Every structure is written in C-alpha cells, then in structure tokens.
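No value in this document is a laboratory result; all are computed from the given coordinates. Since the structure is predicted, the reported quantities are computational estimates derived from the model, not experimental observations. Please note: Cβ atoms are built from the backbone with ideal geometry, for glycine as well, and neighbour counts cover all protein chains shown.
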C-alpha cells in the first residue's frame with residue numbers, strides 16, 4: 001500500500017492511498033478483501049433508507065451511524081449516494097446542500113489497483129443535482145458546484161465551478177446586486 005502524500009498541497013491525487021490489486025483480475029473482483037461483507041451490507045441498507053426518507057434530520061442521523069461526519073443543518077436531497085464501502089472518509093460541513101442524485105465517492109477500483117481518499121466538503125456549499133465527487137477532493141467553504149458536474153479536483157472556497165470535468169464558471173450578477 002502506498003500513500004501519495006499528506007493532506008496539504010498536491011491536490012486530490014496526492015491525498016489518495018493506492019493499493020495494488022491482490023490478484024490477476026481487476027481490483028473490484030476482490031472487493032471483499034478490502035471491506036467486510038457485513039459492513040458493506042449494513043451500509044447498503046442504511047444508504048438505501050436515507051436515499052428515500054424525506055426527513056433531513058433523519059438522513060443526517062442515518063449517515064452519521066455509518067461513520068460520515070455530517071455538520072448541522074446539512075440537506076441531502078433525494079437519492080444522494082455516499083460511498084458504500086468507506087463512508088467514514090466523508091465530511092460535510094454545516095449548512096451545506098447536496099443535490100438530487102449526487103454521488104460522493106471515497107474509493108475507486110481500477111484494473112490493477114484500488115484507491116481511497118478523504119472527501120472534505122466545507123460549510124455553506126451548494127452541490128447541484130447529478131454530480132459525482134471523486135475520492136480525495138476538498139471543496140472549500142461557500143463553493144457552488146453546478147448540476148451534472150464531475151468534481152475530479154479541489155474547489156477553492158467561494159468558487160463557482162461546473163462541467164465534466166469541472167472548470168471555473170463566471171457568475172453573472174443578479175439584477176438586485178449593485179456594483180461596489
């Protein structure tokens with residue numbers, strides 16, 4: 001097992017822990033050697049329940065029971081899917097909105113290796129519908145991620161990004177906003 005670096009600097013790739021596949025086939029074939037079947041089954045039931053219940057407080061409680069660090073007043077929309085195998089690697093800051101059908105991954109299985117990485121989502125972040133957040137990503141406080149985005153790199157605090165993969169977006173002022 002190797003770690004590409006610490007939590008400071010270097011971006012997403014530097015924060016991933018990379019482990020070679022244990023056999024001749026793609027690493028997902030050997031998932032059961034990376035996480036217990038009991039944990040995966042329990043997490044699966046909790047995530048399925050949380051994806052469908054309307055109560056935001058109950059969703060937060062459910063996600064906390066499987067190890068996610070979830071701030072106060074976080075809103076998970078319908079069908080949000082956190083990482084099944086490693087939800088304990090996900091942190092979501094206070095007053096953040098995670099949009100409909102968004103997936104937050106803390107692992108990725110590849111042909112010859114599998115990777116894990118902590119995902120840190122700051123406070124007061126807005127994540128649009130149908131986004132995918134990859135392992136090792138840090139999203140700064142107050143950031144906005146547009147719908148249908150692939151978050152494959154860090155997002156600075158206050159930034160507005162979108163696309164596949166994400167890139168900075170310009171933001172138009174609303175008619176009620178004044179120039180300074």
Quickly rank 46-54, 107-115 as a protection proxy: mean count of other C-beta atoms within 10 Å, highest first.
107-115, 46-54
Over all alpha-carbon pairs of the chain, lay out the pair-distance distribution in 10 Å bins, whole %, shortest bin first.
10, 36, 34, 16, 3, 1, 0
Could you list 68, 148 in order of exposure, starting from the residue whose Cβ has the fewest other Cβ atoms within 10 Å?
148, 68
Quickly estimate the mean residue ellipticity at 222 nm for the chain, helices only: each DSSP H run with n ≥ 4 gives -39500 (n - 2.57), and the total goes over all residues, rounded to 500.
-5000 deg cm²/dmol
Divide, for the range 92-138, the radius of gyration over alpha carbons by 2.2 N^0.38 Å, where N is the residue count.
1.25
Can you put 83, 24 in order of Cβ neighbours within 10 angstrom, beginning with the fewest?
24, 83
